[in-house]
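Enquirer: Encoded as structure tokens, here's the structure I'll be asking about.
The values are calculated or read from the model by the stated rules, or taken from the named source; none is laboratory data. Predicted, not measured: the structure shown is a model, and the values here were computed from it. Cβ placement follows ideal geometry from the backbone for every residue including glycine, while neighbour counts extend to all protein chains displayed. All accessible areas refer to the heavy atoms of the entire protein, side chains included, with ligands and DNA or RNA removed. Shrake-Rupley method; radii C 1.70, N 1.55, O 1.52, S 1.80 Å.
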Amino acid sequence: MTGPWTEWDHVLKVDPDKDLADGETFADVCQTGTDAIEIGGTLDITTEKMERVVEACSRYDVPLYQEPSNPGVVIESDHLDGYLIPTVFNAESSFWVTGAHKEWVRIDGPLDWDRTYTEAYIVLNPDASVAELTEADTDQSADDVASFAAVAEKMFGQEIVYIEYSGTFGDTEKVAAARDALDDATLFYGGGIRDYDAAYEMGKHADTIVVGDLLHDEGVDAVRETVEGVKDAHAEAVVE
């Protein structure tokens, strides 16, 4: 696998529909030490909101990716390094596996294929907005999660497998099961990373942790702690 995400420990997800913490700017956001910024959200996203964040972050030396929740909010910008497109493997409707993607190609195609990549989402928090939107079957055992991960990598050639617990800290056994099922794909984890300890703990199981709500709720200092946590976990794993 040759994508830049193979070198990422930490991704910061910026929701264009949410404000930054009081007194903070996108200059602060881009200087947290994160390896990349994903711009996206599930609800109330518009192209105008997306463009505002991309423009604000483009002045700084950090990779920028858009993660659109639907084809209608995709923006074209030379400031973006690419598009990370979720495909929800445990969605009840095929619309969130391939249907929305087909509509994007039908409406806007041909796409910028050289900058378009997919993420094989496995959504596991039933209370998360993304679970409700996609009607994801979140009742999955560790074996189920491992099997989804293997299918994503081996059958569908996915380079990113994303365990999504948005809103809560996830089951480390299930994350570890996904990791053990993969050979080359990069394992992303998102959900409930609120401090150094959580980032360190999940960093022992995932290749890359994704932090989102923390930025808007508590600010950049809290985000920096999560960057330190996951990088420390990975550094110790290399030594061992």
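Enquirer: List, please: which pairs have Cβ atoms under 8 Å, are six or more places apart or on different chains, and start with a residue in the range 155-168 that is among the acidic types (Asp, Glu) and end with one that is in a loop (DSSP other than H, G, I, E, B)?
Expert: If the second residue must be in a loop (DSSP other than H, G, I, E, B), the pairs left are GLU159/MET1; GLU159/GLY3; GLU159/ASP184; GLU159/ALA185; GLU164/LEU124; GLU164/ASN125; GLU164/ALA128; GLU164/GLY191.
Enquirer: Output the residues belonging to the range 158-167 that are at pLDDT 95 or above and either open to solvent by 50 Å² or more (accessible area, probe 1.4 Å) or of a type in the set (D, E, K, R) (or both). Talk me through it step by step, then tell me what you get.
Expert: Pass one, the range 158-167, residues at pLDDT 95 or above: 158-165.
GLU159, GLU164, listed by residue number.
Enquirer: Name the pairs whose Cβ atoms lie under 7 Å apart, with the first residue in the range 24-38 and within 11 Å of ASP221 (Cβ to Cβ), the second open to solvent by 20 Å² or more (accessible area, probe 1.4 Å), and 6 or more positions between them or separate chains?
Expert: Filtered contacts from the range 24-38: THR32/ARG224.
Enquirer: Considering each residue of the range 211-236, count those that are open to solvent by 10 Å² or more (accessible area, probe 1.4 Å) and touching a Lys or Arg at 6+ places or on another chain (Cβ under 7 Å), and give that number.
Expert: Number satisfying all stated conditions: 2.
Enquirer: Here's another thing I want to ask about it. Identify all residues within the range 9-31 that are touching a strand residue (DSSP E or B) at 6+ places or on another chain (Cβ under 9 Å) and under 24 Å from SER129 (Cβ atoms); write none if there are none.
Expert: Correct list: HIS10, VAL11, LEU12, LYS13, VAL14, ASP15, PRO16, LEU20, PHE26, VAL29.
Enquirer: Regarding SER141, is this residue among the hydroxyl-bearing types (Ser, Thr, Tyr), without any contact (Cβ under 8 Å) to a residue 40 or more places away in the chain and open to solvent by 60 Å² or more (accessible area, probe 1.4 Å)?
Expert: Spelling it out, it is not the case that SER141 is among the hydroxyl-bearing types (Ser, Thr, Tyr), without any contact (Cβ under 8 Å) to a residue 40 or more places away in the chain and open to solvent by 60 Å² or more (accessible area, probe 1.4 Å).
Enquirer: Filter the range 208-240 down to the residues that are in contact with an Asp or Glu (Cβ under 8 Å, 6 or more places away or on another chain), closer than 29 Å to ALA150 by Cβ and modelled with pLDDT of 95 or more and list them by number.
Expert: Listed by number, the residues that qualify are THR208, ILE209, VAL210, THR226, GLY229, VAL230, LYS231, ALA233, HIS234.
Enquirer: Go through LEU20, LEU43 for me and flag whichever is at pLDDT below 95, surrounded by fewer than 19 Cβ atoms within 10 Å (Cβ to Cβ), of a type in the set (A, V, I, L, M) and in contact with a Ser or Thr (Cβ under 9 Å, 6 or more places away or on another chain). Outline the logic, then answer.
Expert: Details: LEU20 fails: in contact with a Ser or Thr (Cβ under 9 Å, 6 or more places away or on another chain).
When all the criteria are applied, what remains is LEU43.
Enquirer: For the range 65-101, which positions are among the charged types (D, E, K, R) and under 27 Å from ASP144 (Cβ atoms)?
Expert: If the condition is that a residue be among the charged types (D, E, K, R) and under 27 Å from ASP144 (Cβ atoms), then GLU67, GLU92 are the ones that fit.
Enquirer: Now, a different point. Just to be sure before I move on: is GLU48 out of contact with any Ser or Thr (no Cβ under 6 Å at 6 or more places or on another chain), without any contact (Cβ under 8 Å) to a residue 24 or more places away in the chain and farther than 16 Å from TYR117 by Cα in the structure I sent?
Expert: Considered against the rule, which asks whether it is out of contact with any Ser or Thr (no Cβ under 6 Å at 6 or more places or on another chain), without any contact (Cβ under 8 Å) to a residue 24 or more places away in the chain and farther than 16 Å from TYR117 by Cα, GLU48 comes out as yes.
Enquirer: Identify all residues within the range 200-224 that are closer than 22 Å to GLY3 by Cβ, in contact with a helix residue (DSSP H, G or I) (Cβ under 9 Å, 6 or more places away or on another chain) and in contact (Cβ under 8 Å) with a residue 40 or more places away in the chain; write none if there are none.
Expert: Those that are closer than 22 Å to GLY3 by Cβ, in contact with a helix residue (DSSP H, G or I) (Cβ under 9 Å, 6 or more places away or on another chain) and in contact (Cβ under 8 Å) with a residue 40 or more places away in the chain: GLY203, ALA206, ASP207, THR208, ILE209, VAL211.
Enquirer: Turning to a different aspect of this structure: Of everything in the range 129-138 that's of a type in the set (A, V, I, L, M) and free of Cβ contacts under 8 Å to residues at least 60 places away in the same chain, which residue is surrounded by the most Cβ atoms within 10 Å (Cβ to Cβ)?
Expert: First, the residues of the range 129-138 that are of a type in the set (A, V, I, L, M): 130-131, 133, 136.
Within this subset, residues satisfying the condition of being free of Cβ contacts under 8 Å to residues at least 60 places away in the same chain are 131, 136.
On the way: ALA131: 23, ALA136: 25.
Only one residue tops the list, namely ALA136.
Residues checked against (1) free of Cβ contacts under 8 Å to residues at least 24 places away in the same chain; (2) open to solvent by 10 Å² or more (accessible area, probe 1.4 Å); (3) among the charged types (D, E, K, R):
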position: GLY82; (1), (2), (3): no, no, no
position: PHE89; (1), (2), (3): no, yes, no
position: GLU103; (1), (2), (3): no, yes, yes
position: PRO110; (1), (2), (3): yes, yes, no
position: THR118; (1), (2), (3): no, yes, no
position: PRO126; (1), (2), (3): yes, yes, no
